[in-house]
1. Take the range A:286-306 and flag every residue that is of a type in the set (Lys, Arg) and either over 24 Å from B:Val347 (Cα atoms) or at pLDDT 70 or above (or both).
2. Assuming B:Ala123 fulfils every condition listed in (1) touching a helix residue (DSSP H, G or I) at 6+ places or on another chain (Cβ under 8 Å); (2) over 27 Å from B:Arg225 (Cα atoms); (3) assigned to a helix (DSSP H, G or I) apart from one, which condition is it?
3. In the range B:42-51, is there at least one residue being away from every other protein chain (no Cβ under 14 Å), outside any loop (DSSP other than H, G, I, E, B), among the charged types (D, E, K, R) and crowded, with 20+ Cβ neighbours inside 10 Å?
4. Taking helices (runs of 4 or more DSSP H) that fall entirely within the range B:289-353, which contain at least 1 residues that are touching a residue at least 12 places away in the same chain (Cβ under 8 Å), over 24 Å from A:Val77 (Cα atoms) and touching a Leu at 6+ places or on another chain (Cβ under 6 Å)?
5. May I ask you to list the residues in the range A:254-263 that are more than 14 Å from every other protein chain (Cβ to nearest Cβ) and touching a helix residue (DSSP H, G or I) at 6+ places or on another chain (Cβ under 7 Å)?
6. Could you tell me whether A:Gln113 is surrounded by fewer than 17 Cβ atoms within 10 Å (Cβ to Cβ), among the polar types (S, T, N, Q) and assigned to a loop (DSSP other than H, G, I, E, B)?
7. Give the residues of the range A:54-64 that are touching a residue at least 40 places away in the same chain (Cβ under 8 Å) and surrounded by fewer than 24 Cβ atoms within 10 Å (Cβ to Cβ), sorted by residue number.
Amino acid sequence: MMDFILAWLTVLPGYVVPLLLASLGVLLSERAGILNLCPEGFMAVGAMTGALLCLAGHDPWTAVLAGTLSGLGLSLVFGLAVVVFRVEQTLAGLAIVALGLGITGVIGRSHVQKPFPGLPRLSETAWGADLPRLLGQQNMLLPLSLLLLALIAWFLARSPAGLRLRAVGEDPAAADISGVDVQRVQLGAVLASGALGGLAGAFLSVASAHVWVEGMVAGRGWVVVALVIFARWRPLRCLWAALLFGGTEAIMPRLQALGVDFPVYLGAMLPYVLTLAVLALASMRRGARSGAPAALGLTYLRQDKH
Amino acid sequence: MLEGALLIRRQRVPLGLWGATYAAGLVFGLALAALILVRLGVPAPALWQEFVVQTFLTSQGLGQTVTAMIPLVLVGLGTALAMRVQFWNIGIEGQLWLGAMAATWVSLHDIGPAALRLPLMLALSMLAGAFWIALPLALKLLWGVSEVISTLLLGSIAFFWVQHQLFGAWRDTATGFPTSPTLDAVERLPLLGWGQVHAGLWLALGAVALAALVIGVTRLGFYARAVGENRRAARAAGLPVLLIVCSFVLGAGALCGLAGAVIVTGTEFRLSQSIGAGYLFSGIVIAYLARSNPLAVLVVSFLLGGLYTAGGVLKVFYGISEAMVLLVQGVVLLSVLAAQLFADFRVETRRAA
């Protein structure tokens, strides 16, 4: 039993970290009032770009950075559409996902299923060889993501810029009057969500799978959007939400390894069912918009009368 | 940052202006998509040949385009009906899977007399699609759970269910591949004698006519417009809001379910893992570009059917992934969406005082 739990904990970060990173991105964007359905697209371009650079023989960290930047690039398109062109945010988000999946499918076609070394595990680094297995199997993106979580939590709760961001998401008109540049804040938040989504995608290919296949994000981006609602737009709760979903997801292969006989695809379905159930229960108890930024999804225009 | 430009919301959008921005967005998007395809290695003259001549102007190509159009009409109509009452149906693929599974289930168990088998498959697929959208609808009405997320999650859940069946009880023992056994002849939609075009065309056209009738002529359609414009005002005016929302949303699910059955019984003749791919975005694109108008849904679906046909050709001849279809849809949708700014707002460039 102990072995089973240890094995589960060892693989856990591989499932949790991408969800955590991408959901922090969605959280930042939505706290600034921009409804963000894009992570599936951000993660797709991040994963592909990272893999492509690895395959081209670049350093894995360069690949991770490039993946992050590719997500940022795609989010710039989203940001221009919703912040400058005032496009309806649900439709724009879906279009961005189509772009992300389309680009990766077209460009990545000839790079499918080619394995590469990718980001080393800690036990493979010069200084980490003696680490216990639980830590040795991880990579540097795990501490980095936890650091980002702490930073973002601090940023939103304590920093003046975080206060401005939250103000824009709650009441953009009031924020505007008090001198906050609403568009700049929203664009910044969207770009951050793209970078974090790209980083999450790069984690999938460069740090976790060490290979790229089309459709490797496999709906995780949609799950991320649900996790943020479930986390009621709080950074620390994003971690618990990611642990719940990722933890359930991670248990399945471990059970199989033990030889427990259960239908594979029904097992894979379980985290999604669980997310939906938890979402429904939370909404039943507290109301679905509890914790939601008041101006989420609304288009702000200075000239509109409120 | 950009407050130098004033955006003044127009009280009424002139029809001519609306048409012009829409056309400009469409042209810009298509031009951008063409540019991308040329960059990917398709010679520019081939674009005209593959996208216009071979897909619309030859009998064989047109037949393929119409065949591709049939399920697109159904999912586009499904999304449009839901959009009319402000319900984001993003679980199109889930409802489609359920419909396809319901049809396959009837076929595998040989339920009912052979003469009634096909109608039963189609009817049950509609029920299954409606059932799959009923859950998000209930969650939204009862506790306000966002349907964007619940329909999406149910889409993933449906796909795992399909895989569970195909890798398990429904696997074709003759081939060993994860597809269901081929349908019997009585379980297939009859071909119309023009390429692969099948009787599903009449179902799609019938659905368009019915939807146009309901929306344009009946009281229900008129009420639905009121609900879509302002739900609270509609409720205050004493309209049966709940009934309208439920009938439109369940109808949307039923149409998407029917699309699944039409794909299985009309073109594929078996359930496989790949039949539902891509319909999510196409449904959204069609519904938005057609402005939820049933007749326009038919037109947009027809054009999109051409894109699907061309996508197949480009894959074979130029080795370009089918994801191209998705990319083009994304580019065009985003472009039309962005162009709408100039219809919805008057842009004044003087400095804000």
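1. Filtering the range A:286-306 down to residues of a type in the set (Lys, Arg) leaves A:286, A:289, A:302, A:305.
Passing the criteria: A:Arg286, A:Arg289, A:Arg302.
2. Against the list (1) touching a helix residue (DSSP H, G or I) at 6+ places or on another chain (Cβ under 8 Å); (2) over 27 Å from B:Arg225 (Cα atoms); (3) assigned to a helix (DSSP H, G or I), B:Ala123 comes up short only on (1).
3. Looking through the range B:42-51, at least one residue is away from every other protein chain (no Cβ under 14 Å), outside any loop (DSSP other than H, G, I, E, B), among the charged types (D, E, K, R) and crowded, with 20+ Cβ neighbours inside 10 Å.
4. On the way: elements: B:294-318, B:323-339, B:341-344.
Those helices (runs of 4 or more DSSP H) span B:294-318.
5. The answer is A:Arg254, A:Leu258.
6. Values: surrounded by fewer than 17 Cβ atoms within 10 Å (Cβ to Cβ): yes; among the polar types (S, T, N, Q): yes; assigned to a loop (DSSP other than H, G, I, E, B): yes.
Yes.
7. Initial filter on the range A:54-64 (touching a residue at least 40 places away in the same chain (Cβ under 8 Å)): A:54-55, A:60-61, A:63-64.
Passing the criteria: A:Leu55, A:Pro60, A:Trp61.
Residue-wise test of (1) at the interface with chain A (Cβ under 9 Å from one of its Cβ atoms); (2) buried (at least 17 other Cβ atoms within 10 Å of the Cβ).
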site: B:Met101; (1), (2): no, yes
site: B:His109; (1), (2): no, no
site: B:Gly144; (1), (2): yes, no
site: B:Arg171; (1), (2): no, no
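The values are calculated or read from the model by the stated rules, or taken from the named source; none is laboratory data. Computed from a prediction, not measured in an experiment: that's the story for all the values here. Ideal geometry is used to build each Cβ from the backbone, glycine not excepted, and the neighbour counts take in all protein chains shown.
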